[in-house]
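The values are calculated or read from the model by the stated rules, or taken from the named source; none is laboratory data. Note that the coordinates shown come from a computational prediction; the quantities given were computed from them, not determined experimentally. All Cβ positions, glycine included, derive from the backbone under ideal geometry; neighbour counts span all protein chains shown. Ligands, DNA and RNA are stripped out before the accessible areas are found, and what is left, the full protein with its side chains, is counted by its heavy atoms. Shrake-Rupley method; radii C 1.70, N 1.55, O 1.52, S 1.80 Å.
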Amino acid sequence: MEGIAKPLSVHQFEVKTITGEPLSLADYSGKVLMIVNTASGCAFTPQLGKMQELYDSYREKNFELLAFPSNDFGGQEPLEGSDIEQFCEIRFQTHFPIFEKVTVKGQQAHPLFRFLSDKSQNGAHSAPPRWNFQKYLIDRQGRLHTWFYPFTSPTSSRVRNAIEGLL
C-alpha cells in the first residue's frame, strides 16, 4: 500500500540458528545488537576473540552480538553448520550466538543484510559489507545506528563508545 512506511527495524527478520532452527530477531527487542558477518579463514578471524571480549563486557547490560558466517569474500568460510560453531568455540572460546551461513552481498544476499546495506530500506546508512567482519550496531528499537569497517577492532574505543551511547 502506498503511503504506509515499512518498518525500519531488524526485528522484522527471521534468521536461522547454526542448527537450522528459525529465530525471529524480534526476540532481541529492547537489546543493543552488533551484527557481524564472519569467516573462519580470514585475516580478520582473530577478531572473534575480541568479539567475545566485547560480548563479555556488555551482555549483562542488554547487549547481544550476533555472528553470521559468510563465504562471500575470498571463499574464506569453507566450514558448514556445527563445524563453524566448533571452530569458533575451540579456537576463540566464543559463546555468543552464531547463525546459519548466509550470503551477505549482491542479489542473493539474505534479506537482513540487504536491509543493513541499503539506506532506502534501513533509513540510516548505505553500508554494504566490504569484506568479512563488517560490524553493524543496532539500537534497542532494532534500527541501524552505525556501522564499522572490517578492519575496525571490536574492542576499539570507537566501537565501545558507540555501544555505551546506546546502552
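Things to note:
- Enumeration of residues in segment 141-159 that are part of a loop (DSSP other than H, G, I, E, B) and either open to solvent by less than 50 Å² (accessible area, probe 1.4 Å) or in contact with a strand residue (DSSP E or B) (Cβ under 6 Å, 6 or more places away or on another chain) (or both): Gly142, Pro150, Thr152, Ser153, Pro154, Thr155, Ser156
- Candidates in segment 121-140 are the residues that are in a loop (DSSP other than H, G, I, E, B) and open to solvent by 40 Å² or more (accessible area, probe 1.4 Å); of these, the one that is farthest from Gly75 (Cα to Cα) is Arg140.
- Listed conditions (1) closer than 26 Å to Pro22 by Cα; (2) open to solvent by 40 Å² or more (accessible area, probe 1.4 Å); (3) aromatic (Phe, Trp, Tyr) are all met by Phe113, apart from (2).
- Each residue in segment 19-57 was checked for being outside any strand (DSSP E or B), hydroxyl-bearing (Ser, Thr, Tyr) and open to solvent by 10 Å² or more (accessible area, probe 1.4 Å), and 6 pass.
- Residue that is least open to solvent (accessible area, probe 1.4 Å) [pool: residues in segment 60-91 that are of a type in the set (S, T, N, Q) and part of a helix (DSSP H, G or I)]: Ser82
- Only one of Gln86, Gln52, Gln12 that is farther than 30 Å from Gly123 by Cβ, among the polar types (S, T, N, Q) and over 14 Å from the mean Cα position of the chain (by Cα): Gln86
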